[in-house]
Amino acid sequence: MYTAWNHRREALVPVFKEGGQQAMQAAAEELALTLRALTRNLKSYSAWHHRKWVIGHRLTSLEAEITLVETLLDADDRNFHGWAYRRFVADLMGMPVQRELEYTTRKIQHNFSNYSAWHYRSKLLPLLHSEPGVPAAADDSPSAAAERQAMISSSRAGATGALVLHQTLEIEYELVSQAFFTEPEDQSGWIYHRWLLGCSVAHWQAAPESEAERARLADVLGCQLALVSDLLDLEPGSVWARKTRAHLLGLMQRVGGAAGGSAGRGSGGEAADCVAAAAAWEDLEGLDPYRAGYYRHACSVSARASV
Amino acid sequence: MSGVYWGATALHILGQPERLDKAQLIAWVMSCQKPSGGFAGSEKHDAHLLYTLSALQILALYDSLDLVDASQVAAYVAGLQRGDGSFAGDEWGEIDTRFSYCALYSLALLRRLDAANVPAAVDFLRQCRNFDGGFGAQPGGESHAGQVFTCVAALSIAGALDEVVDADLLGWWISERQTPSGGLNGRPEKLQDVCYSWWALSALSTLGRLAWIDAPALTAFILGCQDLELGGISDRPDDAVDVFHTFFGLAGLSLLGHPGLAPIDPVFALPVTTVTRLNLAAQRLSCA
Ligand SMILES: [Zn+2]
């Protein structure tokens, strides 16, 4: 499978090196050929690679590739080869993060179950504010400016753990709640929601001594728990809402425990969170028996943290 | 080449290796080696890392690794590593975490892991880690059970599982691959398929979290994909059988401890007896 494309590349190398009209013509023909191969088999790794190899020579329009792959993803919106190809072309073009983010918003609003698009958002958000030329907000407080600066340096270093701004997280919580209120048993939004919760926790972990961050996190967790409880009132049978509730209770137990008695929460509240989290995981063992082993593990983690 | 590896390993799991002629098999494998040291998928094709690993796995299975010039093959494999730690599949530069697994595993079999820059290889795999704890084919690529298997196993060979993998998060994501059918899918909201019985399950086993899915339900799903007349296993019930799904179905059943099957190693995808004979080392996690 690879060998046939290897022979074509061997023949094309001198033509591309020569450049000019002939090279452009040859590249266009090659794109037509890979398109025919991909129409027969959209999962052909070797055909996708060949197309990337041709495109990398910059002899043809990159914007046309974006249009093509959007058509493909309209027909098959989870095709991971298509998404990978889009990222490849976007990188070559130096596409603004904002434009990519808008594309994922369109795909998600068209179909909340598009996990591939949620995934891509998780890659884009940490980059969002590290782009050159993004103007600082007029009311930029010193702490927000410091936060942005910290993010820029960590994403330049290629860290995957760059903090996502609080205000961005608020927008994401809103978007993902639309997804799980519309399709409560679709995994896509819920897995993304768990990542968002981790992003909120990361702010506190980055500043464990900060009472402001701790209080902010407690507030976010409280809001999300209220939202999930509303959903459970509407859809009492939603297993995913219950999983998220159990996870939220476990996080609240950690945050509450860190507050100690000083923030007006006695140890009684903390113990109650712990019992609630353990009970929520235990319920799931019966409701979702395939994953009982995981729930037992989560329950024992909750119990251990409370000691 | 990979088809031969699947078939030969399946027969070993079934305890019937004598059904293939060893001498003939080994001679054919060696006829696919190219002057570069790499192996091709068949005689007339070009060398590629995918087939180089399959060839070495077959030679390992038949205790014939001494037939290759280890330094030469190791130089071919290590020569495909890029500055960012990734590995290309061949000289044409396709990058994929599958090739990281092929490379590190091949070098481990050849006792030449030191020929590659292992810390850089680990760094590259870390870059392919995602928000859900899984791994993609390249940095930015969506998590997929097949890539999860190759990345977890590659990190296990590199001894860096504990540094890179969030085992609770990834274990949870894999446990959510089990659908109401009992079978496993490869990504959220996709159809179950027997091949994920190997890819998702082996990673769970390496992470010490095999108990996070329902073994009887998965066993029943795999057995339900067996063609009771032809004997093979298909991707889903009532589909046509093939050697690929037959191997992955048997390998999954073996990991689940199904009676009558020889145990398989979740990292090296060879019988445990072969891995023990070769004294291959890999890191495994346990669930605290
Ligand atoms: Zn399959």
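The values are calculated or read from the model by the stated rules, or taken from the named source; none is laboratory data. Every value quoted in this text rests on a predicted model; they were computed, and no experiment measured them. FYI the Cβ positions are ideal-geometry reconstructions off the backbone, even for glycines, and counts take in every protein chain you see. Note: areas computed on protein heavy atoms with side chains; ligands, DNA, RNA excluded. Shrake-Rupley method; radii C 1.70, N 1.55, O 1.52, S 1.80 Å.
Tabulated values for the structure
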| read-out | value |
| --- | --- |
| Residue pairs meeting the criteria (Cβ under 7 Å; at least 6 apart or on separate chains; first at the interface with another protein chain (Cβ under 10 Å from one of its Cβ atoms), in the stretch A:1-18; second surrounded by 16 or more Cβ atoms within 10 Å (Cβ to Cβ) and of a type in the set (S, T, N, Q)) | A:Met1/A:Ser46; A:Tyr2/A:Ser46; A:Trp5/A:Ser46 |
| Condition check for B:Ala288: without any contact (Cβ under 8 Å) to a residue 12 or more places away in the chain, more than 16 Å from the ligand (Cβ to nearest atom) and within 14 Å of chain A (Cβ to nearest Cβ) | yes |
| Count of residues meeting criterion [assigned to a helix (DSSP H, G or I) and open to solvent by less than 100 Å² (accessible area, probe 1.4 Å)] in the stretch A:15-24 | 5 |
| Yes/no for B:Ser42 being within 12 Å of chain A (Cβ to nearest Cβ), within 21 Å of the chain's Cα centre (by Cα), among the hydroxyl-bearing types (Ser, Thr, Tyr) and on the phi < 0 side of the Ramachandran plot | yes |
| Every pair of residues 6+ apart whose Cβ atoms lie under 9 Å, when the first sits in the stretch A:168-194 and is closer than 18 Å to A:Asp230 by Cβ and within 10 Å of another protein chain (Cβ to nearest Cβ) while the second is among the basic types (Lys, Arg) and part of a helix (DSSP H, G or I) | A:Trp190/A:Lys243 |
| Condition check for B:Leu253: more than 11 Å from every other protein chain (Cβ to nearest Cβ), open to solvent by 10 Å² or more (accessible area, probe 1.4 Å) and more than 14 Å from the ligand (Cβ to nearest atom) | no |
| Every residue from the stretch B:164-185 that is within 14 Å of the ligand (Cβ to nearest atom) and surrounded by 21 or more Cβ atoms within 10 Å (Cβ to Cβ) | B:Arg177, B:Gly183, B:Leu184 |
| Pairs with Cβ under 9 Å, 6+ apart, first in the stretch B:139-155 and more than 7 Å from every other protein chain (Cβ to nearest Cβ) and in a helix (DSSP H, G or I), second among the acidic types (Asp, Glu) and buried (at least 24 other Cβ atoms within 10 Å of the Cβ) | B:Gln147/B:Asp96; B:Thr150/B:Asp96 |
| Any hit, the stretch B:31-45, residues being in contact with a Leu (Cβ under 9 Å, 6 or more places away or on another chain) and buried (at least 23 other Cβ atoms within 10 Å of the Cβ) | yes |
| Subset of the stretch B:166-218 (residues that are more than 10 Å from every other protein chain (Cβ to nearest Cβ), in contact with a Gly (Cβ under 9 Å, 6 or more places away or on another chain) and polar (S, T, N, Q)) | B:Ser181, B:Gln192, B:Ser197, B:Ser202 |
| Helices (runs of 4 or more DSSP H) contained in the stretch B:1-84 and holding at least 2 residues under 27 Å from B:Gly231 (Cβ atoms) | B:2-13, B:22-31, B:49-61 |
| Residues that are within 16 Å of the ligand (Cβ to nearest atom), open to solvent by 10 Å² or more (accessible area, probe 1.4 Å) and hydrophobic (A, V, I, L, M, F, W, C), drawn from the stretch B:196-219 | B:Trp199 |
| Only listed residue being in a helix (DSSP H, G or I) and out of contact with any Asp or Glu (no Cβ under 8 Å at 6 or more places or on another chain), chosen from A:Thr60, A:Thr39 | A:Thr39 |
| Counted residues, the stretch B:220-248 - those being closer than 15 Å to B:Tyr196 by Cα, over 20 Å from the mean Cα position of the chain (by Cα) and within 12 Å of the ligand (Cβ to nearest atom) | 2 |
| Matching residues, the stretch A:173-185, being open to solvent by 10 Å² or more (accessible area, probe 1.4 Å) and more than 13 Å from the chain's Cα centre (by Cα) | A:Glu174, A:Ser177, A:Gln178, A:Phe181, A:Thr182, A:Glu183, A:Pro184, A:Glu185 |
| Helices (runs of 4 or more DSSP H) completely within the stretch A:68-129 that count 3 or more residues being aromatic (Phe, Trp, Tyr) and open to solvent by less than 20 Å² (accessible area, probe 1.4 Å) | A:115-124 |
| Those residues of the stretch A:156-172 which are open to solvent by 20 Å² or more (accessible area, probe 1.4 Å) and either in a helix (DSSP H, G or I) or modelled with pLDDT of 95 or more (or both), in sequence order | A:Arg156, A:His166, A:Gln167, A:Glu170, A:Ile171 |
| Condition met for B:Gln127 (within 8 Å of chain A (Cβ to nearest Cβ), out of contact with any Gly (no Cβ under 8 Å at 6 or more places or on another chain) and either in contact (Cβ under 8 Å) with a residue 40 or more places away in the chain or polar (S, T, N, Q) (or both)) | no |
